[in-house]
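Data block below; observations after.
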């Protein structure tokens with residue numbers, strides 16, 4: 001197996017090729033982060049590697065949107081692709097004693113990570129999930145703009161200010177609210193156009209505490225990855241507890257990992273608060289944890305994690321939520 005470590009930036013790709021049979025021999029190539037560069041990369045590999053495309057294992061960091069086109073291209077050509085959390089690469093590099101960073105060295109670290117750690121093979125999201133994710137991201141941005149304009153309006157109405165400023169803010173809020181309504185309609189239409197999205201969306205909303213907003217985000221999360229268990233899904237979102245203990249001298253407080261998307265955790269936070277009042281399973285778990293001495297925040301984080309497990313379960317088993325507590 002030939003491992004290609006790719007350090008992705010906006011304009012270029014720094015590539016390091018390593019053979020598992022000769023790990024000390026490396027080859028390097030720099031190409032543009034474009035379709036022309038992708039073709040040049042494949043041509044370069046074909047000259048150095050006398051194997052089929054399926055024997056390539058391309059490893060790269062998740063870099064916002066800059067890696068997505070490359071990953072899709074390599075996957076469609078038959079190569080194995082792994083997309084790794086940048087924090088994993090960072091700490092792996094430190095374990096190798098790498099103290100300085102540049103694009104070439106980073107590509108070598110990524111290649112060696114792929115060789116030794118055997119990262120999971122990436123599967124691309126379906127087109128409908130990509131569209132839903134883009135629409136949800138845009139809606140979230142519009143909602144943040146609305147909140148900013150409301151804060152500006154409140155500040156301007158308190159301080160001495162001309163009516164022209166307040167009128168300008170009101171016009172902006174009207175446009176933003178109209179766009180928000182339009183995006184919500186587009187999201188509902190998109191979900192209703194795909195049977196499995198429509199079915200899963202309805203199943204998720206049978207869970208007390210889970211409304212349309214959380215349902216949309218859980219559709220995206222569960223639909224974008226092939227999770228083997230609910231625990232994997234919760235870990236992806238960043239809701240697994242991290243302990244800070246060593247021997248008898250260190251007894252730090254546990255915290256959640258926060259490794260995933262903070263927007264999704266924020267939505268789940270509000271859903272968990274609602275579930276504490278309306279979901280019997282969440283309510284009983286919360287009472288038990290508080291009774292055992294857990295803090296309110298720890299119990300709330302457990303409620304968020306429990307909600308993710310329930311969401312994963314109703315989609316996996318294709319059955320509406322049923323109360324488990326006696």
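The values are calculated or read from the model by the stated rules, or taken from the named source; none is laboratory data. Remember, it's a predicted structure, so these values are computed and weren't measured experimentally. In this analysis, Cβ positions are derived from the backbone assuming ideal geometry, glycine residues included, and neighbour counts consider all displayed protein chains.
Considering the conditions (1) assigned to a helix (DSSP H, G or I); (2) surrounded by 14 or more Cβ atoms within 10 Å (Cβ to Cβ); (3) out of contact with any strand residue (DSSP E or B) (no Cβ under 9 Å at 6 or more places or on another chain); (4) in contact (Cβ under 8 Å) with a residue 24 or more places away in the chain, residue 125 is excluded by exactly one of them, (1).
If you go through the stretch 271-280 and keep only what is in a helix (DSSP H, G or I), more than 19 Å from the chain's Cα centre (by Cα) and crowded, with 21+ Cβ neighbours inside 10 Å, you end up with 272, 275. Within the stretch 138-158, is there a residue that is crowded, with 17+ Cβ neighbours inside 10 Å and within 30 Å of residue 74 (Cα to Cα)? Within the stretch 138-158, none of the residues are crowded, with 17+ Cβ neighbours inside 10 Å and within 30 Å of residue 74 (Cα to Cα).
Given the options 166, 219, name the one that is touching a helix residue (DSSP H, G or I) at 6+ places or on another chain (Cβ under 7 Å) and surrounded by 15 or more Cβ atoms within 10 Å (Cβ to Cβ). None of the other options fit; the residue is 219.
Scanning the stretch 267-304 for residues that are farther than 25 Å from residue 143 by Cα and in contact with a strand residue (DSSP E or B) (Cβ under 9 Å, 6 or more places away or on another chain) yields 295, 298, 302.
Scanning the stretch 30-82 for residues that are assigned to a strand (DSSP E or B) and exposed (fewer than 14 other Cβ atoms within 10 Å of the Cβ) returns a single hit, 32.
Only a single item in (1) out of contact with any helix residue (DSSP H, G or I) (no Cβ under 9 Å at 6 or more places or on another chain); (2) not in a helix (DSSP H, G or I) is not met by residue 297, and it is number (2). Could you go through the stretch 162-177 and let me know if any residue there is assigned to a helix (DSSP H, G or I), outside the structural domain of residue 222 (by TED's automatic domain parsing), touching a residue at least 40 places away in the same chain (Cβ under 8 Å) and more than 21 Å from residue 315 (Cβ to Cβ). For the stretch 162-177, residues assigned to a helix (DSSP H, G or I), outside the structural domain of residue 222 (by TED's automatic domain parsing), touching a residue at least 40 places away in the same chain (Cβ under 8 Å) and more than 21 Å from residue 315 (Cβ to Cβ): absent.
Out of curiosity, is residue 178 surrounded by 13 or more Cβ atoms within 10 Å (Cβ to Cβ) and at pLDDT 95 or above? No, not satisfied. Among the residues of the stretch 262-270, is any modelled with pLDDT under 90 and not in a helix (DSSP H, G or I)? No - not one qualifying residue is present in the stretch 262-270.
Residues 67, 48: which one is modelled with pLDDT under 90 and under 16 Å from residue 5 (Cα atoms)? Selected residue: 48, the only one of 67, 48 that is modelled with pLDDT under 90 and under 16 Å from residue 5 (Cα atoms).
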